[in-house]
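Here's the structure we're looking at; comments come further down.
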Amino acid sequence: MILVVGGAGFIGSHVMKLLRESNEPHLVFDNLVHGHRKAVQESKLVLGDLSSPHDLNQVFASHPDIDTVMHFAAYISVGESVREPAKYYQNNFGGMLNLVEAMRQHGVGKMVFSSTAAVYGVPQRIPLDEKHPTNPINPYGHSKLMAEQLLRDMEIAHGFHSVCLRYFNAAGSDPTGVLGEDHDPEEHLIPNVLLSAMGKKPTLKVFGDDYPTPDGTCVRDYIHVEDLADAHLLAVKHLREKGESRTYNLGNGRGYSIKEVLDTAIQVTGKDIPFEVCPRRLGDSPELVADASRIHADWGWTPKRPALSDIVADAWRWRLAHPDGYSE
């Protein structure tokens, strides 16, 4: 059985959809602070918190058939991490400490970890491969890199095996419109663009137009959430077949600026989307684009929905069906 920690969130809920479709036994562990009960769908939910060793020990003790953990539970706002660093280290690293200790105590030694391209910091070269130096420029990235290091140390000390998946910008939604992206507050670009298109946010804020990029706005690599989900199942298969620990980038290998995302959203929605340029946001890199050739070479993984127009269209379909999000 797979324990999906943070499964009620955006990426975790899409991975669980794939687990259900694959008839893969799994259990969700989530405190629902940022996740949504409706996103869990028919998967079994255990309410609990990573800050509580009691909660973690109880879920492992009650389900001795857990053999693998998928860990999605993290705070993810770069700007907030700069303003409140202790909150991010306590949750993203402290929570990981509690989780791996509970795993060790209960003899579970396999983890698929949700990491981030933020571990690289300001790129020295584009695209970024896994050999690129790691030098985070914000507490969010630092907390994730520390969690990766903990997994490497747990392997040396206790024989843990892990797959760390460094996401670039997860976006899109389940094409059927059942699952989608719903954060409070919402800080990701594509959902905010679509909320502005619906009139729920009157003016989109563009943080900086003076970056060293073709049009001055930040450039990011957007990867469809269902492509991310596919990679997670490959990671579980690898670990269950006694594969060695791995670290992989997950991205499309193509960067889009904020203005390009805006133009695409206007075409997809047919709506005018007003925006205003604001000062740069602390902790933002000018450009992040993935080299994901390693996971393709090793496992044959490749994005099935790489087009930005498809990613935006799927997110728009969900937002039209759920104008107020999950409304819980």
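Could you point to the residue in 301, 249, 273 farthest towards the positive end of the stretch 233-322's charge dipole, with +1 and -1 charges on the Cβ of Lys/Arg and Asp/Glu respectively?
The listed residue farthest towards the positive side: 301.
Could you list the square roots of 5 times each eigenvalue of the Cα gyration tensor of the stretch 258-326, that is, the equivalent ellipsoid semi-axes, sorted largest first and rounded to whole Å? Walk me through the numbers before you get to the answer.
Details: eigenvalues 143, 84, 29 Å².
Square roots of five times the eigenvalues give 27, 21, 12 Å.
Among DSSP beta bridges whose residues both lie in the chain, state the antiparallel percentage, nearest 5.
On the way: 3 of 39 bridges.
The antiparallel fraction comes to roughly 10 percent.
Sum -39500 (n - 2.57) across every DSSP H segment of at least 4 residues in the chain, then divide by the residue count to get the 222 nm mean residue ellipticity, nearest 500. It would help to have the intermediate numbers written out before the result.
Values: 12 runs with 125 residues, N = 328.
Helix-only estimate at 222 nm: -11500 deg cm²/dmol.
Carbon and sulfur: what percent of the stretch 192-328's accessible surface (1.4 Å probe)? Working shown, then result.
Values: 3070 of 6200 Å².
Taking all protein chains in place, the stretch 192-328 shows 50 percent carbon and sulfur surface.
Rounded to the nearest 0.05, what FRET efficiency do residue 158 and residue 84 have when you use their Cβ-Cβ distance and R0 = 22 Å?
Values: r = 32 Å, r/R0 = 1.44.
It comes out at approximately 0.10.
What is the calculated FRET efficiency for residue 267 to residue 51, with r their C-beta to C-beta distance and R₀ = 51 Å, to the nearest 0.05?
0.70
Excluding ligands, DNA and RNA, what is the solvent-accessible area per residue of the stretch 88-133 at a probe of 1.4 Å, expressed in Å²? The partial results should precede the final answer.
Values: 1770 Å² over 46 residues.
On a per-residue basis, the stretch 88-133 sits at 39 Å².
Going highest first, how would you order 180-193, 206-219 by mean Cβ packing within 10 Å?
Top to bottom by mean Cβ count within 10 Å: 180-193, 206-219.
For the chain, find the longest principal axis of its Cα atoms and tell me its angle to the long axis of helix 225-240, 0 to 90°, nearest 10.
20
If you fit an axis through the alpha-carbon atoms of helix 258-269 and take the longest principal axis of the Cα set of the chain, what angle between them do you get, 0 to 90°, nearest 10?
It is inclined by approximately 80 degrees.
By per-residue mean of other Cβ atoms within 10 Å, what is the highest-first order of 268-275, 253-260, 160-167?
Highest-to-lowest ranking by the protection proxy: 160-167, 253-260, 268-275.
Per residue, how much accessible area does the stretch 184-328 have with a 1.4 Å probe, in Å²? Please report the intermediate quantities before stating the final value.
Working: 6630 Å² over 145 residues.
Per-residue value: 46 Å².
List the relative contact order of the chain as a percent without decimals, with contacts defined as Cα pairs under 8 Å and 6+ residues apart. Please list the in-between numbers first.
Numbers: 645 pairs, mean separation 65.4, N = 328.
Averaging sequence separation for qualifying contacts and normalising by length gives 20 percent for the chain.
The stretch 1-148: percent of C-alpha pairs farther apart than 21 Å?
Values: 4937 of 10878 pairs.
More than 21 Å apart: 45 percent of the Cα pairs in the stretch 1-148.
Given labels modelled 7 Å from the Cα in the Cβ direction, how far is it in nm from residue 294 to residue 38?
Modelled inter-label distance: 3.9 nm.
Among 31, 169, 23, whose mean-square fluctuation peaks in a Gaussian network model of the chain (Cα, cutoff 10 Å)?
23
Taking the highest mean first, how do the peptides 111-121, 125-135 order by number of other beta carbon atoms within 10 angstrom per residue?
Top to bottom by mean Cβ count within 10 Å: 111-121, 125-135.
Return the whole-Å distance between the Cα centroid of the stretch 307-326 and the Cα centroid of the stretch 235-252.
29
Can you list the aspartates and glutamates whose alpha carbon sits under 12 Å from that of residue 271, skipping same-chain ones fewer than 8 residues off?
Correct list for residue 271: 263.
The values are calculated or read from the model by the stated rules, or taken from the named source; none is laboratory data. Because the structure is a prediction, the values reported are computed rather than measured. Cβ: placed from backbone, ideal geometry, glycine included. Neighbour counts: every protein chain shown. These area figures cover heavy atoms from the full protein model, side chains too; ligands, DNA and RNA do not enter into them. Shrake-Rupley method; radii C 1.70, N 1.55, O 1.52, S 1.80 Å.
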